[in-house]
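Comments concern the structure below.
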Amino acid sequence: MPYLAKILLYPVKSLDGVEVEKVGVLASGALQHDREFAIFDERDKFVNGKRHAKIHLLRAQFALFNRTISLQIPGGDSQQVFHLDDERQALEATLSNYFEFAVTLRQNSLMGFPDDTHSPGPTVISTATLTEVASWFPGLSVDEIRRRMRANIEIDGVPAFWEDRLFSEQGDLVSFRVGDVDFFGVNPCQRCIVPTRDSYSGEAYPSFQKIFATQRQATLPNWVASSPFNHFYRLSVNTQLPISSAGKILQIGDKVDILLYEN
């Protein structure tokens with residue numbers, strides 16, 4: 001039986017995640033605290049893993065209830081703790097010093113800063129998929145693939161690529177439910193350069209994208225909707241949530257049910 005096995009939130013876009021037992025759904029369909037903050041440069045561009053590999057070297061831990069971030073700067077002797085609301089300027093100064101250019105930390109408590117603003121719901125993947133993908137890359141663990149893919153919701157009790165049932169042909173949505181929270185599956189997530197790099201060191205894995213795309217095509221189940229795959233460097237499922245899901249809670253152990261296809 002498919003069930004919710006992990007919930008991972010990324011309070012500051014591109015920094016480390018935090019695993020939680022339960023999480024609330026915002027009116028936008030995003031998860032509370034996920035990508036709530038993002039780092040920007042002076043040109044209003046994201047300072048993220050796509051543009052700055054150096055960000056992989058930062059280690060962050062979050063205390064969501066206390067609203068704090070513990071930041072470990074490479075070469076630093078100890079963690080520095082900042083309150084995300086009350087000590088934001090000090091945090092910005094520390095990050096600016098690390099990146100060697102001025103940055104600001106911005107907040108969006110309504111939707112966060114998702115890559116896909118049209119589908120700001122949590123990204124979904126299965127544990128078996130992460131295990132299968134890890135087998136394609138000697139030396140990479142399941143945990144490392146998990147950190148590279150940065151999905152929010154992990155489903156267990158299912159075979160690899162089960163989550164590919166959560167999207168259909170282009171333009172169609174798949175309605176599914178996790179606990180009492182309704183979802184619409186939209187499409188398989190297009191991956192960027194980030195998964196090609198070590199999540200801690202930023203070092204690139206040779207030919208990662210080519211290996212991934214070749215294996216993804218070879219292992220694609222024959223029942224998968226093909227039209228969303230203009231290329232095979234796609235994994236996990238982007239979602240939207242109806243307004244009726246706002247305020248509801250996702251919790252580890254929740255049952256997952258596929259309901260029907262929507263036009």
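Here are the numbers:
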read-out	value
Subset of segment 73-111 that is in a strand (DSSP E or B) and touching a residue at least 60 places away in the same chain (Cβ under 8 Å) - its residue that is farthest from LEU9 (Cα to Cα)	THR104
Residue match in segment 217-226 (condition: open to solvent by 70 Å² or more (accessible area, probe 1.4 Å) and in contact with a strand residue (DSSP E or B) (Cβ under 8 Å, 6 or more places away or on another chain))	no
Close pairs (8 angstrom Cβ cut-off, 6 or more residues apart or separate chains): within 19 Å of SER207 (Cα to Cα) in segment 129-151, part of a loop (DSSP other than H, G, I, E, B) and of a type in the set (S, T, N, Q) anywhere	ALA134/SER141; GLU144/SER199; ARG147/SER199; ARG148/SER199
In segment 12-29, the residues that are closer than 20 Å to ARG148 by Cα and either assigned to a loop (DSSP other than H, G, I, E, B) or modelled with pLDDT under 95 (or both)	LYS13, SER14, LEU15, ASP16, GLY17
Which listed residue is over 22 Å from HIS56 (Cα atoms) and either open to solvent by less than 10 Å² (accessible area, probe 1.4 Å) or modelled with pLDDT of 95 or more (or both), from GLU132, GLU169, GLU144	GLU132
Selection from segment 47-72 of residues that are in a loop (DSSP other than H, G, I, E, B), closer than 15 Å to SER199 by Cα and open to solvent by 30 Å² or more (accessible area, probe 1.4 Å)	LYS50, ARG51, HIS52
Test: residue in segment 246-257 that is surrounded by 13 or more Cβ atoms within 10 Å (Cβ to Cβ) and farther than 18 Å from LEU4 by Cα	yes
Restricting segment 82-93 to residues that are under 27 Å from ARG197 (Cα atoms) and among the hydrophobic types (A, V, I, L, M, F, W, C), the residue that is surrounded by the fewest Cβ atoms within 10 Å (Cβ to Cβ)	ALA93
Matching entry among ILE211, ILE243 (being of a type outside the set (S, T, N, Q) and open to solvent by less than 70 Å² (accessible area, probe 1.4 Å))	ILE211
Identity of the residue in segment 52-72, basic (Lys, Arg) and more than 17 Å from the chain's Cα centre (by Cα), that ends up nearest to LEU15 (Cα to Cα)	LYS54
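The values are calculated or read from the model by the stated rules, or taken from the named source; none is laboratory data. Predicted, not measured: the structure shown is a model, and the values here were computed from it. Cβ sites come from the backbone with ideal geometry, for glycine too, and all protein chains shown count toward neighbours. The area values use the complete protein model at the heavy-atom level, side chains included, leaving out ligands, DNA and RNA. Shrake-Rupley method; radii C 1.70, N 1.55, O 1.52, S 1.80 Å.
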